[in-house]
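Read the figures in this text as sums done on the coordinates, not as results from a lab. Worth saying up front: this structure is predicted, and the values here are computed from it rather than measured. No Cβ is skipped: glycine too gets one built from the backbone with ideal geometry, and neighbour counts run over all protein chains shown.
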Amino acid sequence: MIVATGRSPFEVTLFAAAAVAGAALFAAGTRPRSVVEAMPAIVQDVWQVALVVTGLVGLLGVYWRGELSTGLGVEMASLAGLGSATGMYAIALVAVSRSGAIAPVAFVAAVGVASWWRAAQIVRDLRRMARACSAGTTGGSDSD
Amino acid sequence: MWVIAAPAPAGGAPAWVQVLVLVVGALGGLGGVGAAATVFAQRRKLRADAADVLTDTALELVEPLRARIRELEAEVSAARQSARTATEEMESVQAVAREVTATLRAWRAAILSPTATLDGLRHMVAADPGLGDLPSGRTG
């Protein structure tokens with residue numbers, strides 16, 4: 001049985017970038033204009049915390065040394081958070097900057113889509129693992 | 001005159017944008033928490049034998065080794081077969097050598113016997129069935 005790993009350059013870099021960007025925003029005491037304009041204050045706080053937390057927890061999940069399914073679960077939860085945070089940011093960018101932010105919106109939205117995509121992949125892998133475990137074998141025949 | 005752009009007030013975007021952002025955030029947050037809770041609750045069910053679950057990275061490393069093992073297994077099988085054939089041939093040759101030695105000893109004893117006669121020896125050699133088994137046709 002084969003499970004796709006999250007240790008790809010894209011995923012690791014994006015988790016690290018989320019954590020670094022969130023921490024840098026905290027350190028600088030500033031926020032993107034689109035976020036300030038499009039989100040209520042409390043949501044801005046949650047969004048910024050979510051960036052840092054999903055980045056760090058995502059890296060933790062990707063490099064999890066214990067049970068494989070636990071690592072995948074941690075990674076998936078972080079991906080859901082990162083997908084939401086980037087989705088929120090993309091919506092804010094579109095709402096505030098309109099066509100002036102086509103390139104940033106494209107990249108930010110791509111990160112969101114990729115996060116949900118990967119989360120769905122993990123759900124699929126976990127389902128297959130659960131099936132294989134209840135069948136009593138994880139060997140070979142499971143081709144998907 | 002200078003026109004100074006005032007910083008946009010918080011919540012300056014339309015209300016539906018804020019609602020959309022909230023909905024996306026809530027969906028993701030709930031989804032993440034729900035997923036983590038599900039995995040945590042089903043940990044025992046998911047406890048796969050780690051040796052049987054390979055990540056695709058590991059598989060990439062393992063695949064060339066698997067191919068090499070298959071090659072070596074085929075080579076070992078061929079070598080075993082050839083060793084078995086060689087052993088069988090050697091045993092057969094040893095058996096023939098033993099037989100020939102025994103025949104030569106018997107002839108030598110007969111030739112050196114004080115009562116040996118040419119006719120008797122001819123008789124004995126012609127009647128000896130042992131040489132009939134020899135592979136070469138040079139016995140005639």
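Could you list B:Thr103, A:Thr13 in order of exposure, starting from the residue whose Cβ has the fewest other Cβ atoms within 10 Å? With the fewest neighbours first, B:Thr103, A:Thr13 line up as A:Thr13, B:Thr103. Per-residue ellipticity at 222 nm from helix content only, as computed over chain A with -39500 (n - 2.57) for each DSSP H run of at least four residues, stands at -27000 deg cm²/dmol.
Computed on the Cα atoms alone, the convex hull of chain A gives a volume of 116 cubic angstrom per residue.
The angle separating the long axis of helix A:102-135 from the principal Cα axis of greatest extent in chain A is about 20 degrees. As a footprinting exposure proxy, order B:Met90, A:Met129, A:Met39 by other Cβ within 10 Å, with the fewest listed first. The fewest-first ordering by Cβ neighbours comes to B:Met90, A:Met129, A:Met39. Ranked for footprinting exposure by Cβ neighbours inside 10 Å, fewest first, A:Phe15, A:Phe26 give A:Phe26, A:Phe15.
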